[in-house]
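Data first, discussion second: the structure below is written as structure tokens.
The values are calculated or read from the model by the stated rules, or taken from the named source; none is laboratory data. Nothing here was measured: the structure is a model prediction, and the numbers come from that model. Ideal geometry is used to build each Cβ from the backbone, glycine not excepted, and the neighbour counts take in all protein chains shown.
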């Protein structure tokens, strides 16, 4: 994929800096869809010449603005219980949702309540989550980032999540999030 991006950008007379190319993969993760989505936004935020981290910051901001429109619609349509499970899943992605700690973290009393809140997001038009065995994660990395930003920027949305969002969990994103 790295070679593909380099070649495509060169076709448009854009030279991707090596650290910027690495940052695309660090930000987008292993999903080729997320990688391509970020690369597309990087293309739209750049002009012929060297393409670096300033353009990547603008691309990331543009991508999050695009994701925010969808995210806001999802959160507006969700019940309070569904919102809690979306926030908790964003923070504790890939954790088993049936564990006592996850259930308590979401503010539910039992596993069936968690399952009921998750169900609309696992199938149908709002299938933004996916199951991997007994674990749940976001299908789109950038939607998860947007949800995490909601928890960070508006702590009253999910007060239980605030102490769990340490800088280490946001890793490489912090330098880009500071400029969004």
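Screening residue 33 on (1) assigned by TED's automatic domain parsing to the domain that holds residue 128; (2) under 19 Å from the mean Cα position of the chain (by Cα); (3) closer than 16 Å to residue 129 by Cα shows it passes everything except condition (1).
Of note, residue 103 does not satisfy the criterion of being surrounded by 12 or more Cβ atoms within 10 Å (Cβ to Cβ), within 30 Å of residue 21 (Cβ to Cβ) and either in the same structural domain as residue 153 (by TED's automatic domain parsing) or in contact with a helix residue (DSSP H, G or I) (Cβ under 7 Å, 6 or more places away or on another chain) (or both).
Scanning region 106-127 for residues that are surrounded by 21 or more Cβ atoms within 10 Å (Cβ to Cβ) and under 12 Å from residue 161 (Cα atoms) yields one hit, 106. Within region 8-17, the set of residues being closer than 25 Å to residue 140 by Cα and assigned to a helix (DSSP H, G or I) comprises 8, 9.
Return the residue satisfying two criteria in turn: it lies in region 1-28 and is under 10 Å from residue 39 (Cα atoms) and crowded, with 18+ Cβ neighbours inside 10 Å, and of such residues it is modelled with the lowest pLDDT. Looking at residues that are under 10 Å from residue 39 (Cα atoms) and crowded, with 18+ Cβ neighbours inside 10 Å, I get 28. Candidates in region 153-171 are the residues that are surrounded by 16 or more Cβ atoms within 10 Å (Cβ to Cβ) and either over 25 Å from residue 36 (Cβ atoms) or in contact with a strand residue (DSSP E or B) (Cβ under 8 Å, 6 or more places away or on another chain) (or both); of these, the one that is modelled with the lowest pLDDT is 165.
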